[in-house]
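Report on the structure given below.
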């Protein structure tokens, strides 16, 4: 049993999951901005995520990038259930304008990019385990803990964390390496995760468990 934060985020068996850090969810002109959502918390979160990513790489933590592909030309992935929900609640997203198209600006990563040897898992629903090879990728590397980061706290990051817990992964959910479009929704998601699905921790506490990474980062600066 892994009882402490340090044990859980040990680079030998932890993976940093970066969920949906894509232009449509983070950038002005992207789908969430067009939908009328406030990007302020996302913009505030990004420098912390960049720092955490650098520390994870320095500590040799497995980094896994999660990206959405939703709209395509023939819309293979969008069911009538998905589109009905979008028509009722999403102010044009998915219906009047596309979201996370493959090989397009709106589906590209925002500010941070994967290295050539880092895995990219493509999903078509909120949860990154849903009909993807994420579980295979993690278990093939002996991963026991997922460190959750990305956007949006209360949608795709939370859904993925729930799925991970139900598959018996330890979940460490970064309180400041995730963001959504209102503080109330962010805080509610963190409360729910802490109660039922994993350990919530600030990114500084996670990075403090990787002292070798901190030394390497200081030497490189």
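Brief remarks on what is shown
- Options 20, 24; residue that is within 22 Å of residue 97 (Cα to Cα) and touching a strand residue (DSSP E or B) at 6+ places or on another chain (Cβ under 7 Å): 20
- Number of positions in the range 1-45 that are touching a helix residue (DSSP H, G or I) at 6+ places or on another chain (Cβ under 6 Å), within 12 Å of residue 151 (Cα to Cα) and part of a helix (DSSP H, G or I): 6
- Those residues of the range 71-90 which are free of Cβ contacts under 8 Å to residues at least 12 places away in the same chain and closer than 21 Å to residue 108 by Cα, in sequence order: 73, 74, 75, 76
- Test for residue 17: is it within 20 Å of residue 127 (Cα to Cα), under 18 Å from the mean Cα position of the chain (by Cα) and in contact (Cβ under 8 Å) with a residue 12 or more places away in the chain: yes
- Filter result (in a loop (DSSP other than H, G, I, E, B), in contact with a strand residue (DSSP E or B) (Cβ under 8 Å, 6 or more places away or on another chain) and either modelled with pLDDT under 95 or surrounded by fewer than 16 Cβ atoms within 10 Å (Cβ to Cβ) (or both)) within the range 69-99: 99
- Screening residue 142 against (1) crowded, with 22+ Cβ neighbours inside 10 Å; (2) in contact (Cβ under 8 Å) with a residue 40 or more places away in the chain; (3) not in a helix (DSSP H, G or I) leaves a single unmet condition, (1).
The values are calculated or read from the model by the stated rules, or taken from the named source; none is laboratory data. Model, not experiment: these values are computed from the prediction. All Cβ positions, even for glycine, are placed from backbone atoms using ideal geometry, and neighbour counts span all protein chains on display.
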